[in-house]
2 protein chains.
Amino acid sequence: MRCWTASPAVTAPPNSSRALKRLNEAGHLTQLTEDELIAAYFAPLAGDAGLRLSDDAALLRAPLGRELVLTKDMLVARVHFFSNDPPAAIARKALRVNLSDLAAKGAEPLGFLLGLALPEDWTTDWLGAFAKGLGEDAARFQCPLLGGDTVKTPGPLTISITAIGAVVPGKMVLRGAAEPGDLIYVTGTIGDAALGLKLRLGATCDQDWIGALNEADAAFLLERFLLPQPRLALKDALASNAHAAMDVSDGLAGDLSKMLRLAGLTAKIPAANIPLSRAAREALRLEPKLIEPVCAGGDDYEILCAVPLAKSAAFEAAAQAAGVMVSAIASAAPGDAPPVFEDREGRKLIFARPSFQHF
Amino acid sequence: MRCWTASPAVTAPPNSSRALKRLNEAGHLTQLTEDELIAAYFAPLAGDAGLRLSDDAALLRAPLGRELVLTKDMLVARVHFFSNDPPAAIARKALRVNLSDLAAKGAEPLGFLLGLALPEDWTTDWLGAFAKGLGEDAARFQCPLLGGDTVKTPGPLTISITAIGAVVPGKMVLRGAAEPGDLIYVTGTIGDAALGLKLRLGATCDQDWIGALNEADAAFLLERFLLPQPRLALKDALASNAHAAMDVSDGLAGDLSKMLRLAGLTAKIPAANIPLSRAAREALRLEPKLIEPVCAGGDDYEILCAVPLAKSAAFEAAAQAAGVMVSAIASAAPGDAPPVFEDREGRKLIFARPSFQHF
């Protein structure tokens, strides 16, 4: 099939000027061929190696003595993001949720493939901004575009990214390998994105805290929903120290439950241990019931990991050196019960919906 | 983000019986969690290695001394297939169009990742048949499922597959490396799928040839549209002998034009040289104008390649040994003009739409 990918040995220069000219003349373009669209928008993202997205497949020379880590996430408008989100933010989120998986596995990004199903009302402005955002993050996280496929869809914008990373053999950090006594850490702050989503949906929610939150806090939470921060800086600290890790995408409660269940473990988590942003603390002060979306909402894209006690000091030092805040929230213990979140009085928090399900 | 992938070191058995039970009770299931859906339908496809799709990323130990070939194709219902196609055929086509790319590059399949955006009206019967078809082809072509992501969509069924293959370093067959004097070959027969699509759309087409075609020929053409045959058996013959190759997905005329343009070449193709099935010959006898969809329609998924004269005998022998029919249709010559297709009297065939554009 016609997908477009980085080719290592093509001599002719990309014909992007012609494609761009047609773009500018037509303004709104379903007449543009896929080849022209690729030349104009995506070939420039293929990186410094001067490669051109003009073959049927990408050729990846994997680093010697490394294993490959592969992850794939699909994002659908109106399910994972809002159709009217800024196109650059949509692109960046689509890449970053994949990079977040690589980070959690202790893997170094090598590149990614982009599948893009565009609705018929796309415009050159939209696609230009999308490609620009994508290119900026590809450069920022040193994860070049290797290839992909562009199709039209009668449905919502759909983005499918496959990211490829590398690890030292045997060093991929698994989800299911926590051990009893391990300290459970999370990076950054938890719950911001779930609160940001509530703010974004605010008009239909009719919740007092939304009106009471100050502008800066609201903007912070909205931004946290819009744009995850993949914790790639932590990958070496994880690979060296963690028994197990995953990223928190479906809510801390549900994801921790998944990680511990695979290892036959459980945990008690004092909610007070969960690292909160100033904005999330303020929202919780205004509306204590928000503890549920904080603990069980989705889209944090922070890393959850299990580190043996003996390595916790080294892990914390490495995280600090990497500039990533980490917080120990609990200790893993043998047991089949789902992890329990407790309030300050030691009462179990009951969540109506313990895990966010995009699906 | 939560994608699901093969994990190399998980001890607990997949909980597929529980998930299946819930499936059977509920019949139509949006309540099923993604984890249960994966355990029930996709974990069994992860292959003999006993891997379970329960980590955030797949771990691929690439064969020593090999380069990786990566390809990604997205298929959207009502664009690339019909929503009411048999689910097993949809799954198999989605995998096979990617395998067709690997075959054209001379690559051996290593595995694939599946992105599946399911509309809300999916049923357990549908998904079961989809997974069964996918699993059968994964086994047939020795290309196991490594991981993926399952999401819901308010739009049409969308499938995004990334396939990974391996080649001896330097041996990926490029699209743009044909040389003057090369013989241009195609595999199998050309145009069947484009005619099959016309048959499938028949009710709205009102074309006499459709009614006149016998049942067996019609069934053959419909099947050729529904289910491509990836020419993986030819991969070694290509890697050893071809200067350039690509698969024919957007029509022979357009794809040949792309391949030759990259190399600064052109060609004259007597239409009589194009290998046709009995059914396509019969359709052309009934309606000579069908020469355009035969030459310029899409979905052939045959391989187009350029082989130096000195290697043509070896290539043909290797193809015969592999059981793949190959036909030399032209010779490549220096020049910038698009390739020209000629009728029996040497007149240039003019196509209204020289290349099929899914996009």
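When residue A:77 is tested against (1) crowded, with 19+ Cβ neighbours inside 10 Å; (2) facing chain B (nearest Cβ under 8 Å), only condition (2) is not met. Among the residues of segment A:80-89, at least one is within 15 Å of the chain's Cα centre (by Cα), at the interface with another protein chain (Cβ under 9 Å from one of its Cβ atoms) and in contact (Cβ under 8 Å) with a residue 24 or more places away in the chain. A single entry from B:292, B:302, B:316, B:287 fulfils the requirement of being crowded, with 16+ Cβ neighbours inside 10 Å and touching a Ser or Thr at 6+ places or on another chain (Cβ under 7 Å): B:302. Within 14 Å of chain B (Cβ to nearest Cβ) and within 24 Å of residue B:78 (Cα to Cα), is that true of residue A:123? For residue A:123, the condition - within 14 Å of chain B (Cβ to nearest Cβ) and within 24 Å of residue B:78 (Cα to Cα) - is not met. Inclusion of residue B:247 among residues that are crowded, with 24+ Cβ neighbours inside 10 Å, part of a helix (DSSP H, G or I), in contact with a strand residue (DSSP E or B) (Cβ under 7 Å, 6 or more places away or on another chain) and in contact (Cβ under 8 Å) with a residue 12 or more places away in the chain is not warranted.
Taken together, the residues in segment B:261-284 that are part of a helix (DSSP H, G or I) and either out of contact with any Ser or Thr (no Cβ under 8 Å at 6 or more places or on another chain) or farther than 24 Å from residue B:246 by Cβ (or both) amount to 9. Residues of segment B:53-96 that are of a type outside the set (Gly, Ala, Ser), farther than 17 Å from residue A:165 by Cα and part of a strand (DSSP E or B): B:53, B:73, B:74, B:75, B:76, B:81.
When A:289, A:268 are screened for being assigned by TED's automatic domain parsing to the domain that holds residue A:213 and modelled with pLDDT under 95, only A:289 passes.
Given the criteria under 30 Å from residue A:333 (Cα atoms), within 12 Å of chain B (Cβ to nearest Cβ), touching a residue at least 12 places away in the same chain (Cβ under 8 Å) and buried (at least 24 other Cβ atoms within 10 Å of the Cβ), does residue A:94 qualify? No, not satisfied.
For residue A:323, are the conditions met, namely being small (Gly, Ala, Ser) and either over 27 Å from residue A:223 (Cβ atoms) or buried (at least 17 other Cβ atoms within 10 Å of the Cβ) (or both)? In short, no.
Restricting segment B:162-171 to residues that are surrounded by fewer than 24 Cβ atoms within 10 Å (Cβ to Cβ) and in contact with an Asp or Glu (Cβ under 6 Å, 6 or more places away or on another chain), which is farthest from the other protein chains (Cβ to nearest Cβ)? Residue satisfying both the conditions and the ranking: B:166. Please specify each residue of segment B:227-236 satisfying the condition of being in a helix (DSSP H, G or I) and touching a strand residue (DSSP E or B) at 6+ places or on another chain (Cβ under 8 Å). Passing the criteria: B:232, B:234, B:235.
For segment B:97-125, the set of residues classified as small (Gly, Ala, Ser) and not in a helix (DSSP H, G or I) consists of B:106, B:107, B:111, B:115, B:117, listed by residue number. Within the set B:188, B:135, B:202, the sole residue that is more than 12 Å from every other protein chain (Cβ to nearest Cβ) and without any contact (Cβ under 8 Å) to a residue 60 or more places away in the chain turns out to be B:202.
Hey, could you check segment A:177-212 for residues that are at pLDDT 95 or above and among the small types (Gly, Ala, Ser) and say which is farthest from residue A:86 (Cα to Cα)? The residue in question is A:181. Condition test on residue B:193, is it among the aliphatic types (A, V, I, L, M) and under 15 Å from residue B:279 (Cβ atoms)? Spelling it out, residue B:193 is indeed among the aliphatic types (A, V, I, L, M) and under 15 Å from residue B:279 (Cβ atoms). For the subset of segment A:85-128 comprising residues that are at pLDDT 95 or above and polar (S, T, N, Q), which member is farthest from residue A:37 (Cα to Cα)? For segment A:85-128, the residue satisfying everything is A:100. The number of residues in segment B:317-342 that are touching a strand residue (DSSP E or B) at 6+ places or on another chain (Cβ under 6 Å) and among the charged types (D, E, K, R) comes to 1.
One line per residue, one yes/no per condition, for (1) away from chain A (no Cβ under 12 Å); (2) out of contact with any Ser or Thr (no Cβ under 7 Å at 6 or more places or on another chain):
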| site | (1), (2) |
| --- | --- |
| B:106 | no, yes |
| B:114 | no, yes |
| B:130 | yes, yes |
| B:141 | yes, yes |
| B:151 | no, yes |
| B:154 | no, yes |
| B:160 | no, no |
| B:173 | no, yes |
| B:177 | no, yes |
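The values are calculated or read from the model by the stated rules, or taken from the named source; none is laboratory data. Everything numeric here is computed off the predicted structure, so don't read it as measured data. Neighbour counts run over all protein chains shown; Cβ positions are idealised from the backbone, glycine included.
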